[in-house]
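Asker: The structure under discussion is supplied below as structure tokens; questions concerning it will follow.
Just so it is clear, none of the values below were taken in a lab; they were calculated from the coordinates. Predicted model only: the values in this text are computed from it and were never measured.
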Amino acid sequence: MRTLPALLLPLSLLLVPSCGGGGSHGSVRNESPRLVSILVEVYDPVTNFVWENVSVRIVEADQEWAQGTFASPYDDWYLTDVDGRVLLDEYLLADAEVGFPEDAQGRAILGPQHFENEATVVLEVDALGFVPVRVEVPLRWDTPDVFVEIPFN
């Protein structure tokens with residue numbers, strides 16, 4: 001006749017592998033905050049040529065973590081280069097004061113948690129003799145660096 005502990009041991013060995021943290025032991029996820037940036041390309045949709053020396057500015061950002069929109073107190077404009085592009089990097093996004101959390105170096109970041117992993121940045125494109133255009137650019141923690149093409153004519 002078997003004793004109760006002798007019967008429980010095989011049963012407990014069957015249950016142990018099913019317990020645990022629920023994650024895969026074969027992969028490691030890096031869930032630290034990520035730097036954000038927006039590479040903007042401004043082009044003419046009629047000719048498909050890019051626009052050089054067109055002004056782009058960061059207007060505001062809707063921040064998920066704060067459940068609010070932050071308007072930039074600055075009217076800083078950045079000109080597109082010969083390729084029709086301007087990079088709004090993590091420093092420029094932080095300096096615009098549109099609500100991004102910042103790391104120790106003062107760079108704009110998004111966090112991995114569901115309440116801090118999204119933001120929508122509003123950009124304005126303008127040039128002398130043209131009607132300004134505003135564009136919403138979504139940023140996410142899993143895609144923190146985005147490329148956006150903006151038609152302008």
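Asker: Please work out the Cα convex hull volume for region 31-151 and give it in Å³ per residue.
Answerer: That works out to 100 Å³ per residue.
Asker: Show me, for region 66-75, the HN-Hα J-couplings you get by feeding each phi into the Karplus relation (A = 6.51, B = -1.76, C = 1.60, θ = phi - 60°), rounded to Hz, glycine and proline as x.
Answerer: Working through the residues one at a time gives 9, 6, x, 10, 10, 7, 5, x, 10, 10 Hz.
Asker: Spelling out what I want: for every residue of region 142-147, take phi, set θ = phi - 60°, compute 6.51 cos²θ - 1.76 cosθ + 1.60 (Karplus), and round to whole Hz; glycine and proline get x.
Answerer: 7, 9, x, 10, 10, 10
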